[in-house]
Amino acid sequence: MRAALDSAIAENSLSLLYQPLANLQSGAVCSLEAVLCWPHPVHGMLDAMQIFALADAVGRTGAVGHWVLERACQDTRRWSDQERAGLKVAINVAPSQFCDPGFGIAVAGQLQASRIAPSMLSLEITEAALTRAGPDCDALLAGFGARGLHLTLDDFGAGHASLSNLKRYPFDAIKIDAHVVRNVDTDSSDAAMCRSIIAVAHHLGMLVVAEGVSTEAQCDFLRRNMCDHIQGPFFSLPLTPEQVDGFLAERRALPPHLLRMRKPLRRLLLVDDEPNILAALKRLLRGEQYQIYTAGNGQEGLALLAEHPVDVIVSDQRMPGMVGADFLRKARQQYPETIRIMLSGYTELQSVTDAVNEGAIYKFLTKPWDDEQLRAHIAEAFRVKEIADENLRLNLEVRTANQELAEANRRMEQLLTEKQHQISRDEISLNIARELLQHLPLPVIGLDDAGVIVFINGAAERLFGHGAELLGNEAASVLPALFVSSSHARCGAMAMGGGHHASHTHLAEIDGRRYAVVEYPMGEHSTSRGSLITLGMAGPP
């Protein structure tokens, strides 16, 4: 297997597919995740987890990771040349890669070779990699961030990381694991966990991606709860690079009713075991521009709710298998945002009264119905739902603004931290330079851009004496021997401030000795201003 893996790398027998991610605000493709696979001639199609497990076992993780990095960067360069503005490509980083100090250098080198900006590449790092890195984790993440790479915490919720630990790591985004997403529309615990992850991540200024989204109901839940991006078979399976070209050319996108802060269609579910009743209701409501779904019993109704988002439910009471009150009660538990109406010719008061008192039923209407009244009641139910949706939309807008502000604050904090580190490094360098100059046997005097003495080292103090008294004075006035004339000194200072970088040398006699006085303008290779004057022995006068 080791030889086969080496051969696959050398002969490019590995394959890299790309799974598109959709933005829940625009509906468009926002990024691609590189998905590694290997069509092995004996063992069949091996996925990324199997390949990296094998690579770890035979010591080839670095080689596989480099192949993925190089191929992904090449494809990204090609899409960039096709003017796919803002398209980001993500690669998964194995734990051993993440812990390798040379990996960051390899990524930077590959980005430079491929001529792509660091912001176009995202590194997806798992909780297992963070754990394996131990105390080096923070420094490794900071190094990637300093290079301008986008960092994503992958498979969040599958391991043992806690929400409180998110604030420690400088990630740009987190991915909610597919196991959490799978039942968000049917399991209240998974739904609560998903909402909590989204809320905490947004508070910390991170984007949220949901993995493994396979149904419209899951997508709708994520839309309503402020998730940013989705990934999974509902939007697209992994594609070859050539298929990605076609996918992007077609401008494939999510339908408008699944986007955040977009007004959806009015969706109505009619549940009745009598086909003629369902037909009559559909004829009555035909002109109301509702998207109407129908079911013959409660079980069918629940199955349909699991597949399609619904705003208002109108259900019969007496149906085989499950009475309407029980159906509406379960609908309320699983889909509390729906408005539920009972329409029945039977008045089994106890079960109906219990359902009303529990909040499972918004209104109870009787058969036979008055057409105008029934239309009015259903329209009113939609208005109630739309008021709730509008409140949710406004809440989403506020949360979106807060999320953007939190993200901006997080980036500002990172920038401030980097600037503070730079200032600290510059101060250390300055102190070293001052100490070095202070101990040089060569007399050195520093002038600002106005010709005022701001530094004098030990050798210069010994030569001129009273070094402290010289500081803050114009050099041409207190040390005229250093200059051909005072006007020359002033002109030289003005020239230095104006960008003239040629040094000036002349001879001067001090205490009966001849010195070569060299004036070095500052600023040729830095933002420094002013000049340095050095004095070297030039022999007897």
Computed over the chain, the relative contact order (Cα-Cα under 8 Å, seq sep at least six) in percent reads 9
Of all DSSP beta bridges with both partners in the chain, the antiparallel percent, nearest 5, is 50
Hull surface over four for the Cα convex hull of segment 19-147, reported in nm², is 9.2
For the Gln243, Thr131 Cβ pair and Förster radius 25 Å, calculated FRET efficiency rounded to 0.05 is 0.10
Expected sort for 117-128, 211-222, 97-108, 406-417 on mean C-beta neighbours within 10 Å, highest first, is 211-222, 117-128, 97-108, 406-417
Once normalised by the length of segment 267-390, the mean sequence separation of its alpha carbon contacts under 8 Å that are 6 or more apart gives a contact order in percent of 23
Quick calc, segment 1-114, dipole around Cα centre from Cβ unit charges on Lys, Arg (+) and Asp, Glu (-), nearest 20 debye, gives 100
Under the 7 Å Cα-to-Cβ spin-label approximation, Ile423 and Ala63 lie apart by a distance in nanometres of 5.0
The size of the Cβ-based charge dipole (Lys, Arg +1; Asp, Glu -1) of segment 267-390 about the Cα centre, to the nearest 20 debye, is 80
Excluding residues fewer than 8 positions from Lys363 in its own chain, the lysines with Cα under 23 Å of it are Lys282, Lys330, Lys385
Of every Cα-Cα pair in segment 112-213, the percentage lying beyond 15 Å is 63
For Lys88, counting only lysines whose alpha-carbon sits under 19 Å away and dropping same-chain residues fewer than eight positions off, the answer is Lys175
For the chain, the dipole about the Cα centre with charges only on Cβ (Lys and Arg +1, Asp and Glu -1), to the nearest 20 debye, works out at 500
Among Ile105, Ile116, Gly458, the residue whose Cα sits farthest towards the positive end of the charge dipole of the chain, when +1 is placed on the Cβ of each Lys and Arg and -1 on the Cβ of each Asp and Glu, is Ile116
Here FRET efficiency (C-beta to C-beta, Leu284 to Arg411, R₀ 56 Å, nearest 0.05) is 0.50
Pseudo-spin-label distance Leu392 to Asn276, built 7 Å along Cα→Cβ, given in nm, is 3.8
Proxy exposure order for Met1, Met322 (fewest C-beta within 10 Å first) is Met1, Met322
Over all pairs of different Cα atoms in the chain, the reciprocal of the mean inverse distance gives a Kirkwood radius in Å of 29.3
Taking 0.36 nm per residue of separation between Arg2 and Thr400 and subtracting their Cα-Cα distance, the length gained on full extension comes to 138.4 nm
Summing -39500 (n - 2.57) over every DSSP H run of at least 4 in the chain, dividing by its residue total and rounding to the nearest 500, the 222 nm mean residue ellipticity is -14500 deg cm²/dmol
Loop-resident trypsin sites (Lys or Arg not before Pro) in segment 412-452 with no more than 11 other Cβ atoms inside 10 Å, DSSP not H/G/I/E/B, are none
With R₀ set to 30 angstrom, the calculated FRET efficiency between the beta-carbons of Arg529 and Leu507, to the nearest 0.05, is 0.65
Exposure-ranked with fewest Cβ neighbours within 10 Å first, Met193, Met49 stand as Met49, Met193
Per the rule of 0.36 nm per residue minus the C-alpha distance, extending Ser188 to Val518 adds in nm 110.9 nm
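No value in this document is a laboratory result; all are computed from the given coordinates. What you are looking at is a predicted structure, and each value in this text was computed from that prediction instead of being measured. Cβ coordinates were reconstructed from backbone atoms using ideal geometry, including for glycine residues, and neighbour counts include every protein chain displayed.
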